[in-house]
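Values quoted throughout were computed directly from the atomic coordinates according to the rules given, and no laboratory measurement underlies them. Computed from a predicted structure; not experimentally measured. As a convention, Cβ positions derive from the backbone with ideal geometry for all residues, glycine included, and neighbour counts pool all protein chains shown.
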Amino acid sequence: MSQSGSRPFTNPRSAGRGAALALAFALALTGCSGDKKEASGPKPPPPSEQPEAEATSAPGAQAFSSMTGLRKPVTYNDKISVAITDIKYVKNKAKGPGEMTGKTLTIFTLRFTNGSGQPLDLNKVRVLAQYGKSRAQASPTSYADLNDFYGTVAAGKQRTASYAFDLPTAGFGTVVLNVAFSDKHKTAVFAGSLKQ
């Protein structure tokens, strides 16, 4: 009798034994891989605390010798506060995409202090600089490795970052810095004058 078109013969006993071994092997692998995933799997990174020196490093920058009204902190009812901790200027010598070579840049260092009992989200921080009587908008620039605000700040902690602007010296008599960070908080406004 021809075997064509029929299934090949399989010993039921050996097939059952093979299936049992395959099942046991699969279960053993599942157990092992589960243990390994727990032990060596990716862990969430710890909350980042941005080093102030890294966030505000501005090689060659010099402090303004005189300023008024720009250093008064803005404190909200929930004990979150924003302050300008430093204002410097530097002549940008860097050459590259986005760099304004030869321009004198003004660098504002800002600090958020979270006195509330909740984490403070800094992912929506917007900083706008204006100058002169007409409050013309200064162009934001990139300089060195200055870092914008990002992430969250735990209750009781602080975070610092610096922002550089192309602020013409003719506008130093009237300088306004606006810092927005949340829909629940009014924009922090700092106003005063600068002098090299």
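Below, the figures for the structure above:
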quantity	calculated
Residue-count net charge about Thr104 - beta-carbon cut-off 12 Å; Lys, Arg +1, Asp, Glu -1	+3
Summed residue charge, Cβ within 15 Å of Phe172's Cβ, Lys/Arg positive, Asp/Glu negative	+4
Whether the stretch 105-196 is rounded, prolate or oblate, judged on the alpha carbon gyration tensor where a/c under 1.5 counts as rounded	prolate
Residue-count net charge about Tyr163 - beta-carbon cut-off 11 Å; Lys, Arg +1, Asp, Glu -1	0
Val127, Val82, Val175, Val74 arranged by Cβ crowding within 10 Å, fewest neighbours leading	Val74, Val127, Val82, Val175
